[in-house]
Amino acid sequence: IILQMDFLDSDAPQKLAEALGGQPDVVLSDMAAPTTGHRRTDHLRTMHLCEVAADFALHVLKPGGHFLAKTFQGGAENELLSLLKQNFRSVHHVKPPASRDESVELYLLAKEFKG
């Protein structure tokens, strides 16, 4: 199944949930907003996408499932980290080996959804 949609459209999460046909083991989000070159703006835009993906994960994941989402370092992730820590057994920042050292890109990995 291939779905092409803007995940920020109000009906997109429901369409994807219906297409899944059940509770997934993993929700992975590699969404990122177009960069502007202004680090704070880019961070906030990408954090919004990460929060939308996390909200989706909390609604569809099966207990014990995992969530992985791209974000940018920038300091606005505390509320999201708190939400993830309440709902998953462990939450970590992950920087892929392929990511350049100077890149602000990193991933949030939340493991074992409490359901």
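Quick note: the coordinates plus some simple rules give every number you see, no bench work behind them. Small disclaimer: the values here were computed from a predicted structure and weren't measured. A quick note on method: Cβ atoms are made from the backbone with ideal geometry, for glycine too, and the neighbour counts reach across all protein chains shown.
With an 8 Å cut-off on Cα pairs and a minimum separation of 6 or more residues, tell me the relative contact order of the chain in percent.
Once normalised by length, the contact order is 26 percent.
With θ set to phi - 60°, apply the Karplus curve 6.51 cos²θ - 1.76 cosθ + 1.60 along segment 6-21 and write out the HN-Hα couplings as whole Hz, x wherever there is a Gly or Pro.
8, 5, 7, 5, 4, 8, 4, x, 5, 4, 5, 4, 5, 5, 5, x
Given H placed on each backbone N at 1.01 Å, which residues far from Gly64 in sequence or on other chains put an amide H within less than 5 Å of it?
Phe113, Lys114, Gly115
State which entries of Lys62/Lys85; Lys15/Lys95; Lys15/Lys114; Lys15/Lys111 exceed 21 angstrom in Cα-Cα distance in the structure shown.
Going by Cα-Cα distance, Lys15/Lys95; Lys15/Lys114; Lys15/Lys111 fall outside the 21 Å limit.
What list of ³J(HN,Hα) values in whole Hz, one per residue of segment 45-51 in order, does the Karplus curve 6.51 cos²θ - 1.76 cosθ + 1.60 (θ = phi - 60°) give from phi, with Gly and Pro shown as x?
In residue order, the calculated couplings are 5, 6, 4, 4, 4, 5, 5 Hz.
Arrange the following residues from fewest to most other Cβ atoms within 10 Å of their Cβ: Ser10, Ser29.
By the 10 Å Cβ count, ascending, the order reads Ser10, Ser29.
Could you work out how far the C-alpha centroid of segment 1-59 sits from that of segment 65-115, in angstrom?
After rounding, the separation between the Cα centres reads 14 Å.
Helix-only estimate, please: 222 nm mean residue ellipticity of the chain, summing -39500 (n - 2.57) across DSSP H runs of length 4 or more and dividing by its residues, to the nearest 500.
For the chain, the value works out to -11500 deg cm²/dmol.
Please give the length that would be gained between Asp55 and Ser10 if that part of the chain were fully extended, namely 0.36 nm times their separation in residues minus their C-alpha to C-alpha distance (nm, one decimal).
Full extension of this stretch gives 14.9 nm more.
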